[in-house]
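In what follows, a single structure is set out as structure tokens and then discussed.
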Amino acid sequence: MEPSEFEALLGRALTDNVSWCEGLVSAERLSGGASQETYRLTVRTADGERPMALRRAPGGVAREETIGPGPGLATEAQLMQAAQQAGVPEPEVYYVLRAQDGLGDGFAMEWLDGEALGARIARAPEFEALRENLAYECGKILARIHSVDLDASGLRDKLDTFSPFELMNNSWLRYQAFPTPQPMIDYTARWLQENLPEHYDNALVHNDFRNGNFMVDGEKVNAVLDWEVAHIGDPMRDLGWICTNSWRFGRTELPVGGFGEYADLFRGYEEESGKPVDPKHVHFWEVNGSFWWAVGCLGFAEHYRTGPDKTVERPAVGRRTSECQVDCVNMLIPGPVELVEGMDLDASSEMPRLNELLISVRDFLRDDVMSATKGRTNFLARVGGNSLDIVLRDLALGEEARALEHKRLQKLLGSRAGLDELRWQLVHALRDGTMALENQELQTHLRSTVANQIAIDQPRYSGLKTALAYSG
């Protein structure tokens, strides 16, 4: 759909259904939102121009055409309204798109000013005072989310219900449908299967409440965002997810979102809910959080191949699976790792060298394109430059890393088969239980393989630093 057609249809839908809206002035797609489209709208009213937000399915497709689980955007709007009634800070929903609007699934809502970038919330000096009580406040907000009356709100029949096993196993099965062997994912799934919580209550689970999915105004959380994977299940899932290392933004010493301590999160939750928190129960869900996001990242790569929104962002997110896998290593099988030294790409006599071609395109994106653009194009240019950095590191490190991985697998499995075949053999041995999780040779192999992969994909990720700390 051309931008002019999109804006014409959207303007008509808003003026017909939002009483105070007299017309659409502009619609700017924002840089965030890899799984859904987010726009800042400017609308005309009797009192002048006013901002509004739009959340829409990728490519403007209808619900039945979308890929992946979730309740859909119409139910997401209903979730926000129910949470608001329970005391959770939420923007007001103005209008839910209908089929006759011709815009796919989505909804228009109140525009709230604030900060939603997780790295800034965790690190920026202006939020230092906010961070002192933020973990405690998040605990209280989560307790309010979990208190939503599913029957009175009409949500029970619109949301899936998952036991801990079902939630874990659904992710494992989803991963198994991808044509890729990732042994650390299967190792973690086996660990989760053997450590399932024995007792839990069913409640509304946001399922993506984390630093980066709520907005702050400098004093408090003023909006909880992105309800697209909400379900009914074990509420401790939410407490484990906000502690997952992917959302600490490098501040590993502060496990709750990179800004707070477990004790403060648990205290806020217990005071608001009146229910005790078992740290071991939350730890299970913290491990599951890294596992779930490892699979979710691969889903972005799969969506790039099959979905309607083929942006440069999707395969880049796909490579983040190794970040989650190294976090699983650190939580389940910590120990020494050895990184390969790699090759000097500048040693080749070719003119131009392959790395020079890649560097020239990367620098064009970062210097020329980014300086001449703004908004989502600017963001995607940065993502494209980062993807080229991954290719450059793979050229330098990948061949040696894969050769050593192959050698370890041949010894572990007693086979001279090729690398890809041996990866599949290990995956199947983990899936059918013939490979014991306690096997020390297996654990050593997984640690080194995952650490060398993250050194290619994102060497500045905090999980790699944690992994290397065990090597002295």
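The values are calculated or read from the model by the stated rules, or taken from the named source; none is laboratory data. Just so it is clear, the structure is predicted and the values come from calculations on it, not from any experiment. Cβ coordinates were reconstructed from backbone atoms using ideal geometry, including for glycine residues, and neighbour counts include every protein chain displayed.
Observations on the structure shown:
- Hits in segment 98-127 (condition: of a type in the set (A, V, I, L, M) and outside any loop (DSSP other than H, G, I, E, B)): A99, A108, M109, A119, I121, A122
- The residues in segment 263-286 that are farther than 27 Å from P459 by Cα and part of a helix (DSSP H, G or I) can be counted, and the count is 15.
- Helices (runs of 4 or more DSSP H) wholly inside segment 290-373 containing at least 3 residues that are at pLDDT 95 or above and within 23 Å of the chain's Cα centre (by Cα): 313-318, 321-332
- If you go through segment 187-203 and pick out every residue that is out of contact with any Ser or Thr (no Cβ under 8 Å at 6 or more places or on another chain) and surrounded by 21 or more Cβ atoms within 10 Å (Cβ to Cβ), you end up with 2.
- Check on L412, touching a His at 6+ places or on another chain (Cβ under 7 Å) and at pLDDT 95 or above: yes
- Check on V391, under 21 Å from E356 (Cα atoms), touching an Asp or Glu at 6+ places or on another chain (Cβ under 8 Å) and aliphatic (A, V, I, L, M): no
- Test result for E137, over 21 Å from R237 (Cα atoms) and among the charged types (D, E, K, R): no
- Of the residues making up segment 152-159, one or more are among the aliphatic types (A, V, I, L, M), surrounded by 18 or more Cβ atoms within 10 Å (Cβ to Cβ) and either at pLDDT below 95 or out of contact with any His (no Cβ under 7 Å at 6 or more places or on another chain) (or both).
- The single residue among E338, E323 that is in contact (Cβ under 8 Å) with a residue 60 or more places away in the chain and farther than 19 Å from H406 by Cα turns out to be E323.
- Residues satisfying the stated conditions in segment 130-164, i.e. among the acidic types (D, E) and not in a loop (DSSP other than H, G, I, E, B): E132, E137, D157
- Residues that are surrounded by fewer than 11 Cβ atoms within 10 Å (Cβ to Cβ) and either among the basic types (K, R) or assigned to a helix (DSSP H, G or I) (or both) within segment 422-440 comprise just one, Q440.
- Selected residue (criterion: nearest to the chain's Cα centre (by Cα)) from residues of segment 51-61 that are closer than 12 Å to W111 by Cβ and crowded, with 17+ Cβ neighbours inside 10 Å: R55
- Condition check for R416: touching a residue at least 40 places away in the same chain (Cβ under 8 Å) and either over 23 Å from Y175 (Cα atoms) or surrounded by 22 or more Cβ atoms within 10 Å (Cβ to Cβ) (or both): no
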